[in-house]
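**Student:** Sending over a structure as structure tokens; questions will come in a sec.
The values are calculated or read from the model by the stated rules, or taken from the named source; none is laboratory data. In this text, all values refer to a predicted model and were calculated from it rather than measured experimentally. Note that each Cβ is placed from the backbone with ideal geometry, even for glycine, and that neighbours are counted across all protein chains shown.
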Amino acid sequence: MAQVAIITASDSGIGKECALLLAQQGFDIGITWHSDEEGAKDTAREVVSHGVRAEIVQLDLGKLPEGAQALEKLIQRLGRIDVLVNNAGAMTKRRFLIWLLMSGARFLPLMSTVHSYARKLRLVRW
């Protein structure tokens, strides 16, 4: 059974490149996207061209439980998780102090996703 990597925000940029590099190494890939579904589908097509599986799920880190739910969907579809590349982030065009105050709220969903992943690793005794 192939190892599974989930890469958040892998619809473009660094996340997409991580997905393709891991696919070249034989990993099945879980792809998340926020607003570019076509980009996620393109990434999935390129991943599959390396002879591995790809699944896509939308992820909005602005909604607290969604990170863990998206991760859970991908684990169910791909059968396991071995690697999490937490590439997704939340950006704003607000002034720095406002951003600083808001960043705490944006940090919680990210940590929720990581916490969910850590529990899965404990279950497989990683």
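**Student:** Examine segment 29-38 for a residue that is in contact with a Lys or Arg (Cβ under 8 Å, 6 or more places away or on another chain), modelled with pLDDT of 95 or more, surrounded by 12 or more Cβ atoms within 10 Å (Cβ to Cβ) and hydroxyl-bearing (Ser, Thr, Tyr), and state whether such a residue exists.
**Tutor:** No, that holds for no residue.
**Student:** Now for a different question. Which numbered condition trips up GLY104, out of (1) assigned to a loop (DSSP other than H, G, I, E, B); (2) at pLDDT below 90; (3) out of contact with any strand residue (DSSP E or B) (no Cβ under 8 Å at 6 or more places or on another chain)?
**Tutor:** For GLY104, the failing item is (1).
**Student:** Being surrounded by fewer than 18 Cβ atoms within 10 Å (Cβ to Cβ) and within 15 Å of GLN3 (Cα to Cα) is the filter here, so list the residues in segment 68-81 that pass it.
**Tutor:** Scanning segment 68-81 gives GLN76, ARG77, GLY79, ARG80.
**Student:** Something else: Just to be sure I understand, how many residues within segment 3-18 are buried (at least 17 other Cβ atoms within 10 Å of the Cβ), over 20 Å from GLN69 (Cα atoms) and either among the charged types (D, E, K, R) or touching a Phe, Trp or Tyr at 6+ places or on another chain (Cβ under 9 Å) (or both)?
**Tutor:** 1
**Student:** Scan segment 1-15 and report the pairs whose first residue is among the polar types (S, T, N, Q) and whose second residue is part of a helix (DSSP H, G or I), with Cβ atoms within less than 6 Å and a gap of 6+ or a chain change.
**Tutor:** As it stands, the answer is SER10/LYS16; SER10/ALA19; SER10/THR43; SER12/GLY39, since those pairs meet every condition given.
**Student:** Sticking with this structure for a sec: Are any residues in segment 33-62 within 14 Å of the chain's Cα centre (by Cα) and among the hydroxyl-bearing types (Ser, Thr, Tyr), and if so, which ones?
**Tutor:** Those that are within 14 Å of the chain's Cα centre (by Cα) and among the hydroxyl-bearing types (Ser, Thr, Tyr): SER35, THR43.
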